Structure formats: structure tokens, C-alpha cells
1. Of all the residues that make up the stretch 60-106, how many are aliphatic (A, V, I, L, M) and outside any helix (DSSP H, G or I)?
2. Within the stretch 103-126, can you find the residues that are surrounded by fewer than 21 Cβ atoms within 10 Å (Cβ to Cβ) and either over 23 Å from Gly296 (Cβ atoms) or touching a strand residue (DSSP E or B) at 6+ places or on another chain (Cβ under 7 Å) (or both)?
3. Mind checking whether some residue in the stretch 16-31 is in contact with a Lys or Arg (Cβ under 8 Å, 6 or more places away or on another chain) and not β-branched (Val, Ile, Thr)?
4. Only one residue in Val33, Val60 is at pLDDT 95 or above, surrounded by 16 or more Cβ atoms within 10 Å (Cβ to Cβ) and touching a Pro at 6+ places or on another chain (Cβ under 8 Å). Which one?
5. If Val48 satisfies every condition in (1) crowded, with 23+ Cβ neighbours inside 10 Å; (2) touching a strand residue (DSSP E or B) at 6+ places or on another chain (Cβ under 8 Å); (3) farther than 12 Å from Ala140 by Cβ; (4) among the hydrophobic types (A, V, I, L, M, F, W, C) but one, which is the exception?
6. Just give me the residues in the stretch 97-113 being of a type in the set (A, V, I, L, M) and closer than 19 Å to Thr253 by Cα, in sequence order.
7. Look through the stretch 259-285, keep the residues that are among the aliphatic types (A, V, I, L, M) and part of a helix (DSSP H, G or I), and return whichever of them is surrounded by the most Cβ atoms within 10 Å (Cβ to Cβ).
8. Would you check which residues across the stretch 82-95 are more than 13 Å from Gly107 (Cα to Cα) and of a type outside the set (S, T, N, Q) and list them?
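The values are calculated or read from the model by the stated rules, or taken from the named source; none is laboratory data. Values in this document were obtained by computation on a predicted structure and should not be read as measured data. Every residue, glycine as well, gets a Cβ built from its backbone with ideal geometry; the counts of neighbours run over all protein chains shown.
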Amino acid sequence: MNPASRIYVAGHRGLVGSAILRNLQAKGHINFVLRTHAELDLENQAAVRAFFETERPAYVFLAAAKVGGIHANSTYPADFIYNNLLIEVNVIHAAHLCGAKKLLFLGSSCIYPRHAPQPMKEEHLLSGELEPTNEPYAVAKIAGIKLCQSYNRQYGTDFISVMPTNLYGINDNYHPVDSHVLPALIRRFHNAKTRMEANANSPFGKGGQGGFPPDNSVAPDGSWVQAWGTGTPRREFLYADDCADACVFLMQTYSGNDFVNIGTGEDITIRELTEMVALTVGYQGEIVWDHTKPDGTPRKLLDVSRLHALGWRHRHSLHEGLMASYQDFLRQQPQVPLEVNSP
């Protein structure tokens, strides 16, 4: 892949896709083929085929997907499996038919069994039952891996798959209901901080809503923020720009039917993460833990020894990534909605 290579980044406006585009541009690549969802519906087989036949990208980063947090996965299971299967099948098949030199498919660490050994190695795939709350999404992502492997075996393509851990960063989704845990915490603590400041400056005293919409996870005056469970589960988080750098690195250096985990190899408790986000946002109120709410899987950590052996390691600390993420959140104001209707 040289600077003049024709590159298609599917999902270039999303969290990972935009990071991949920034990374490639910083490395001197100039020949991009980009389409927004309005310009190209990746669920439309005929449209995708026509696009590939016309543009003939040599390298494809398949970062487009329907994603969401536990609430969205539980509420729209049919959408998550159907939409993602369509995107994967259409893009991977068209890339093959039109002679793409290489394709990189981005999966998700949710492909691993619910009770997989920790840290999770690539060979743990399909060794046990999936987590029920995101099973449809996980099945779709597993299908993407198998599509790449099957096309490689039958047609001799060079299609690789990567499995990133929990991602966060610039262009993240801060939706009140459908966001993942880290952007949800950023939004929630910013909401509480804003309420606290508004009530402190109000001539009517503290305790009112201060003109803010209802939010039962944040005190009306911002004095406390509710968090779910005990805070003891451990999770791994990777800054999206680091994930993008790993993807570009693997596109340039790796070929094979075995997929590769992308992560830090380090985890943190949800309590520690929550306190770090509060500190980053500058929130000085109380964090209240609702022990009646579920904790989820006790630990989810990727084994990244394969990636390290290939010569790549992450660069950004969690503290650095959180600072950049909060600045990005502030840049999105007032587009980012602050209200949350349920904790």
C-alpha cells in the first residue's frame, strides 16, 4: 500500500473509520474513495456492486457497522444482525468480484464466549455460549470473520480480520440511550457538572432542575451521579486512534486467515474508570453506586500477544485518551443531548 493506492474506508465518519482516515492522511496517503451513508447504502447489494465496479478500490477498510450499547442491542436485535450481515456480505463480495488487493474487516470483542478464559485469546472463538444481550451483533461479526476466511480459501483473496476491544475517542457516540459505557459516563458527568454550576449561580438557590430536562441518573442540582452495580467488573479500553494505527499497520504488514486481537492488554475496574471520567470532566459531586443493577461479566480482557509479536503496541494512556475525548465532546456541544431518561 503506497501513498497513491486507491483506498476505500467504509464508515469514514464513524469513530473508527474517521480515525483510520486521519491515520492514513497523516502517513501521506492521498487517493481516497469515500461515500457517506446518504451517498451509498451499504445494505443495497446492487448499489455496492456498482460502486466497486466504478471506483475499483485496491484496499478496503470495512469499518462501517450498526453499533450501540447494551440497551440498543437488547431493543433492536433483528436490526443488529440483519443490517450488519448485509453490510459485510455486500462489501466483502463486491471487493472480491472487483479484484481488491486487500480488505480489512473490523469485528468486536463481543464475539468471544460469555465465560471465555481471561485474557481472551483468538483461539477462544466459538468455544462457548455468547453473551445473550449482544448475541445477534456478535453472530454477525463472527459471520464477517468466516466470510473473509472462506473467500481466502476458495478464491485466494487477501482479506484479514481484526477484533478490537472497547473503543472510545474522537467522533464517539454520546447518545443518551444508545452510547457505550465510556461516552455515556462523559455525558453524564458533564450533565451533572453543568447542573451543579447552574444551581450554584441561580438566584433561587439549589435543588431545582435549573431548566434541564428530567434525568434520574443525575441529581436535580448535580450533587450526585448514579452508576450501575458495584464497580468491580474489569474492562479494557483502547483509544480509537490507536486502533486505527494498528489497522493500518496490519493492512501493510499482515496476511493470514487467523484474525488478530487489537487492544492494550491492560484493564481497569468500572469504579476506577468512573472516577477517572469524573476527574477528567472536573465533576466534584458524589458518585452513588446502585447495587441493585447488574454488573455484567466480571472481566473482559483481550490477549494481544499475537499483535505484540507482530510489532505493534498502543501509544495513548487512558488518561490521555479521556482528555482528548472530553475535548471532542465539548466541541460537539450543543448537538450532544444531555438528558437521560433511565440510568
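1. Restricting attention to the stretch 60-106, the residues satisfying the condition of being aliphatic (A, V, I, L, M) are 60, 62-65, 67, 70, 72, 78, 81, 85-87, 89, 91-92, 94-95, 97, 100, 103-104, 106.
Now narrow it down to the ones that are outside any helix (DSSP H, G or I): 60, 62-65, 67, 100, 103-104, 106.
Looking only at that region, the number is 10.
2. Scanning the stretch 103-126 gives Gln118, Pro119, Glu122, Glu123.
3. Looking only at the stretch 16-31, we keep the residues that are in contact with a Lys or Arg (Cβ under 8 Å, 6 or more places away or on another chain), and these are 31.
Subsequent filtering for residues that are not β-branched (Val, Ile, Thr) retains 31.
The answer is yes; a qualifying residue exists.
4. Numbers: Val60 fails: touching a Pro at 6+ places or on another chain (Cβ under 8 Å).
On inspection, the qualifying residue turns out to be Val33.
5. Status for Val48: all satisfied but (2).
6. Residues of the stretch 97-113 of a type in the set (A, V, I, L, M): 97, 100, 103-104, 106, 111.
Ala100, Leu103, Leu104, Leu106, listed by residue number.
7. Narrowing the stretch 259-285 to residues among the aliphatic types (A, V, I, L, M): 260, 262, 268, 270, 273, 276-279, 281.
Now narrow it down to the ones that are part of a helix (DSSP H, G or I): 270, 273, 276-279, 281.
On the way: Ile270: 21, Leu273: 22, Met276: 17, Val277: 27, Ala278: 22, Leu279: 13, Val281: 23.
So the residue we want is Val277.
8. If we filter the stretch 82-95 for residues that are more than 13 Å from Gly107 (Cα to Cα), which is where we start, we get 82-83, 86, 89-95.
Within the stretch 82-95, Tyr82, Leu86, Val89, Val91, Ile92, His93, Ala94, Ala95 qualify.
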